[in-house]
Amino acid sequence: MPTYSPIPVNEFERVLDLTELDLDYTAHHESFEDLVKLAARVAGTEISLLNLIDSFTQWTISRHGMDVEQTPRDETVCQFTIMESDYLEIKDFTQDERFQDDPYVTGEPKLRYYFGIPLKTPAGHSIGALCVLDKVERTLNPEKVELLKIIADEIVARLMMVQAINTLKYDLIEAKEVKKRVAHDIRGPIGGIIGLAQLISQRGEQNKLDDVLQFIKLIQKSGTSLLELADEILNTEVKSSQEIPTLGEHELNLLMFRDKLTKLYLPQARNKDINFSVNINPANGVVPFPKNKLLQITGNLVSNAIKFTPTQGRVTVDLDLEIKGNAKDLHIVVSDTGVGLNVPKLEAILAGTATSTDGTGGEQGYGFGLPLVKHLVDGLKGALTVKSAPGEGAIFDIKLPFI
């Protein structure tokens, strides 16, 4: 593997841009399959990959000719591509000291050629790469290079479209929650209006306000109608909640959250011989909640825990959803048996200024995983606490409100 890992000068902003896409890295193969196949055909190569790179991992979200889903960031070629302004071409891996001893060069599939184009967001941050690879040396002519750049631009455009759709759907979810809050909020004032109207009606003859009495009766009638409407809205929500809730495209429940975390991060744990498990409280296992940034927040904590836990150690995720009326609080706890943290490091994490060090297995650090988690949790109006001591592992405890 490469002896060093380059870090872009805008690394935090770069990873933040990727996080804002809020992608499930396992769910978009078909969305980009046509473009990835087209890239291989244009280049005339056997393999093409669409890779996104976060703080710890390269996620291959769509692929052609090679079965790969994730790779440690410090073992990738595309980590060098995102440092380029235009593209990176390696005509023969065996002649490049950075990669000539890598398993995919010395062993199957015995790769030789690489061409990668950074995928740049509108803000100019490289969040990954479109790359084509082959088992033979080759050179791409300028026309093919330009065509691959067009394909890369289309990939970025689709990613931005996914982000826009996600934002709209989150707004719809929030609007639904607002509807429930409004229904509750209007019951109190309307009830007061009705009570006042009834009181004045009862004393109407004494007040000798026939005209006012008639007007108050109209208020009472209108208020009763509004109260019935509020009850109808609330009863509809109650009936829906008594059934098994339908899970929206941009929602999770605890059962699905557990499954996704297991699928995404169990390979990383197994690669380091670490016991990894995800536990849930089954009481509210099927209740939906917005998945906004949850995979990115929890994934960064899990990758960080794996990084700082020695071989044969343990990393555990505990998930719970507390329901209080219309409010939902998601509780995420990531614990490990790793090297632990001292007080200055803990304070830096909570201040959002933590830097990184190499992991227990020599994994290279990038310095932005934990500050990114703190940034995202704060943005969701959540709370992050950390308990740790050197040699005693660490516990990251997050509570996120969904109103």
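The values are calculated or read from the model by the stated rules, or taken from the named source; none is laboratory data. Predicted, not measured: the structure shown is a model, and the values here were computed from it. Note that each Cβ is placed from the backbone with ideal geometry, even for glycine, and that neighbours are counted across all protein chains shown.
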Filter result (touching a strand residue (DSSP E or B) at 6+ places or on another chain (Cβ under 6 Å) and of a type in the set (V, I, T)) within region 325-347: I332, V333, V334, T337
Residues satisfying the stated conditions in region 77-99, i.e. without any contact (Cβ under 8 Å) to a residue 60 or more places away in the chain and polar (S, T, N, Q): T81, S85, T94, Q95
Which numbered condition K144 misses (of (1) within 18 Å of L35 (Cα to Cα); (2) without any contact (Cβ under 8 Å) to a residue 60 or more places away in the chain; (3) among the basic types (K, R)): (2)
Subset of region 89-106 [closer than 15 Å to V136 by Cα, out of contact with any Lys or Arg (no Cβ under 8 Å at 6 or more places or on another chain) and outside any helix (DSSP H, G or I)]: E89, I90, D96, Q100
Candidates T76, T60, T81, T45, filtered to the one that is farther than 29 Å from L266 by Cα, in the same structural domain as C131 (by TED's automatic domain parsing) and among the β-branched types (V, I, T): T45
Residue ID - farthest from S55 (Cα to Cα), chosen from residues in region 30-42 that are buried (at least 16 other Cβ atoms within 10 Å of the Cβ) and modelled with pLDDT of 90 or more: V42
Qualifying positions in region 128-150 - closer than 13 Å to A40 by Cα, among the aliphatic types (A, V, I, L, M) and crowded, with 21+ Cβ neighbours inside 10 Å: L130, V132, L133, L148
Members of region 87-121 that are modelled with pLDDT under 95 and within 23 Å of E154 (Cβ to Cβ): T121
Residue count, region 308-349 (criterion: under 21 Å from the mean Cα position of the chain (by Cα) and either at pLDDT below 90 or part of a loop (DSSP other than H, G, I, E, B) (or both)): 2
